[in-house]
Structures are given as C-alpha cells and as structure tokens.
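Worksheet for the structure shown next.
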Amino acid sequence: APDDIDPAIWERIKDHPCFSEEAHHYFARMHVAVAPACNIQCNYCNRKYDCANESRPGVASEKLTPDQALRKVIAVANEVPQLSVLGIAGPGDACYDWKKTKATFERVAREIPDIKLCISTNGLALPDHVDELAEMNVDHVTITINMVDPEIGAKIYPWIFYRHRRYTGIEAARILHERQMLGLEMLIKKDILTKINSVMIPGVNDAHLVEVNKWVRDRGAFMHNVMPLISEPSHGTYYGLTGQRGPQPLELEALHDRLEGGAKLMRHCRQCRADAVGLLGDDRRREFTRDHISSDV
Ligand code: CLF
Ligand code: SF4
C-alpha cells in the first residue's frame, strides 16, 4: 500500500478506479442506467440527459431493466478483463429508484460475486437504504453535496419531493441538507467508504465548498471530488440563473488548492455518464449497447 494509506483501507480501494487514483490506470468500472426517476430538481440538471451528479450530459443513456442490466454486465465482464466495479449513477437517483437499483445489484452479485458494487445518490432517500446497502456489501457510496447552508441550497435546488410532498425554497434545501448529513453519518457508522461529489458553480457555491469540505471531513467522508459545472448551451441551461457559466480550469485548480489539507481530494474524475463502460478516460460504452448484447445468457 502507498505510505499515506492504511493497508486495511488499501485492500478496499486498490481495484476501485474512482476511490484510488493508482487503480484508475488498471481497473475499469461500468455503469448501468437502471434508475431514471429522481426526487429532487437541481438547477443544473437537464432531465433529457444523465444525472449531473456523476455524469457529463450529452446524449441520454440507454435505460435498462435489471435483467437487461445483468446481461450487459455479464457481456462486459467477458470482454473487459479490467472490470472491477459496477456503479449505478442514474440517470436519475439510484436511492430513489431503489427497487431497480436493488434488483440489479442482487442479480449481478449472484452471477459475479467478486464485482464491487458502487452507488451514487443525491442523498435525500439515502438514509432509508443504508441498512440494505450494508447487507448487499456495497462498500463504496458517493453523495453529491453542493452546500451545507440552505440559503445557498435554495439557489441550487428549486424543489424536492419528500415523503409524498413537494417542498420548495429554503425549506427544501434544509431537508435535503439534513438528509445528506444523516445519510453520511449512517454510512460512516456502517464503515462504508463514502465519497462526496460537489459541483462547483461559480458565484453560487464556489467559495462555500471550503465549508462543505470541512463538514464532510468532520463526519468521516473518505474523499471529496469537486467537479466543474458543465454549462455549454448544448447541455442545457442553469435554470436558476440565465447565463450561469461553469468554472475555468484555473478557477477549479485554485479551489482544489484551497481544499488541500482538508478531506482527501479526488483529482482524476472524468464526470462519467450513467452508462459509462471501461477505464476512466477510455470509454467503451458504444461497444456494449443493447443491440450488441445477445439475450441468451
Ligand atoms: Fe461510478 Fe461514481 Fe462509483 Fe465511480 S464514477 S458510481 S464512484 S464507479 Fe468516478 Fe466517474 Fe468521477 Fe464518478 S470518475 S464521475 S467519481
Ligand atoms: Fe438531475 Fe441528478 Fe439533480 Fe436528479 S439529482 S435533478 S437527476 S442532476
């Protein structure tokens, strides 16, 4: 294990391309887009595309049922020897669209017991499923946390849908914030490695992400991944503010430098799509569309 990493932790991350920078040269992840439904609205989301929690919007993913997802994972596992992780990252929210997420994980774990299961969520529904995640041996979870101050949250999230009701404004952001912190604390109690993704939105939460970093470090997050907002017009718009721009590469770098010394930073994220396949930075998803995968497993 590298000097700065506890050997027991290293065992759990050494073949996870996102949780270990070293691993991303040698190990591949794939996503299956089984979770289209979402329970919040982010101002930067374009629902026609993938969840920007984890994904570069562009073209909508091919949505799969859990059975189709299983066939796809088997096909990829046969072709991509580096495959070590199956992630569910939308295109909506994997914890909200829980039945499909769970069915997919259960089916895949039965057929390929050594694949690591990974999930990305906005956190609102997360506390309801932490026990089941632990039972399914999910050892890697990502929560997208863009604020710890509901006043800032109200500029990012116009509404949430929670316990059969829609909430808006600061009330919505406060509930989301409380659920994200509760989910994080519950995961840490279960000893599940938890990464935090944040979308850097200049003028909205950029300076505030220093505070977010402190909060998540204090609660035991394993890693903090600050990603740039992607705001090209072709990817949709930022609904809250017309003309909202993404950060310049140097602004992102400056923020990363400010965060150095806090929660461990991830610097090799590729902002994957909800149907990504392959090594980070070497996307092979086009080889594995539904048409290319035989149904006789
Ligand atoms: Fe997928 Fe996310 Fe798991 Fe990785 S992606 S669910 S933690 S297996 Fe990785 Fe892609 Fe960055 Fe995500 S590079 S967007 S951090
Ligand atoms: Fe869109 Fe993801 Fe936000 Fe849901 S959590 S609104 S899918 S960006």
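The values are calculated or read from the model by the stated rules, or taken from the named source; none is laboratory data. This structure is a prediction, so every number in the text was calculated from the model and none was measured. Note that we place each Cβ from the backbone using ideal geometry, even for glycine, and neighbour counts take in every protein chain shown.
Some observations on this one:
- Hits in the range 126-142 (condition: touching a Lys or Arg at 6+ places or on another chain (Cβ under 8 Å) and outside any helix (DSSP H, G or I)): M136, D139, H140, V141, T142
- Residue satisfying condition, being within 15 Å of ligand 1 (Cβ to nearest atom), modelled with pLDDT of 85 or more, under 25 Å from I9 (Cβ atoms) and not in a loop (DSSP other than H, G, I, E, B), within set V212, V226: V226
- Residue check, A77 within 16 Å of ligand 1 (Cβ to nearest atom) and farther than 20 Å from L133 by Cβ: yes
- For first residues located in the range 82-98 and over 13 Å from L280 (Cβ atoms) and among the β-branched types (V, I, T), partners that are within 14 Å of ligand 2 (Cβ to nearest atom) and in a loop (DSSP other than H, G, I, E, B) and lie 6+ apart or on another chain with Cβ distances below 6 Å form the pairs I88/A94.
- Checking W159, W98 one by one, the residue that is surrounded by fewer than 22 Cβ atoms within 10 Å (Cβ to Cβ), within 16 Å of ligand 2 (Cβ to nearest atom) and more than 28 Å from M200 (Cβ to Cβ) is W98 and no other.
- Inside the range 140-154, residues that are over 22 Å from T168 (Cβ atoms) and more than 15 Å from ligand 1 (Cβ to nearest atom) make up a count of 0.
- Screening Q82 against (1) at pLDDT 90 or above; (2) crowded, with 18+ Cβ neighbours inside 10 Å; (3) of a type outside the set (D, E); (4) in contact with a Phe, Trp or Tyr (Cβ under 8 Å, 6 or more places away or on another chain) leaves a single unmet condition, (2).
- Filtering the range 249-293 to residues that are over 25 Å from E62 (Cα atoms) and small (G, A, S) leaves A254, G261, G262, A263.
- Residue check for T168: of a type in the set (S, T, Y), within 21 Å of V130 (Cβ to Cβ) and either more than 18 Å from the chain's Cα centre (by Cα) or surrounded by 14 or more Cβ atoms within 10 Å (Cβ to Cβ) (or both): no
- Test: residue in the range 258-274 that is at pLDDT 85 or above, assigned to a loop (DSSP other than H, G, I, E, B) and farther than 26 Å from R12 by Cβ: no
- Test: residue in the range 44-55 that is surrounded by fewer than 21 Cβ atoms within 10 Å (Cβ to Cβ), free of Cβ contacts under 8 Å to residues at least 60 places away in the same chain and either more than 16 Å from ligand 2 (Cβ to nearest atom) or more than 25 Å from H24 (Cβ to Cβ) (or both): yes
- Test for P36: is it touching a helix residue (DSSP H, G or I) at 6+ places or on another chain (Cβ under 9 Å) and at pLDDT below 95: yes
- Summed over the range 28-45, the residues that are under 13 Å from V76 (Cα atoms) and either among the hydrophobic types (A, V, I, L, M, F, W, C) or in contact with a Phe, Trp or Tyr (Cβ under 7 Å, 6 or more places away or on another chain) (or both) give a count of 3.
- Subset of the range 17-43 (residues that are free of Cβ contacts under 8 Å to residues at least 24 places away in the same chain and either within 16 Å of ligand 2 (Cβ to nearest atom) or polar (S, T, N, Q) (or both)): S20
- Residues of the range 143-165 that are touching a Lys or Arg at 6+ places or on another chain (Cβ under 8 Å), touching a residue at least 60 places away in the same chain (Cβ under 8 Å) and over 18 Å from D128 (Cβ atoms): W159 alone.
- Residue in the range 121-134 that is touching a Gly at 6+ places or on another chain (Cβ under 6 Å) and surrounded by 22 or more Cβ atoms within 10 Å (Cβ to Cβ) present: yes
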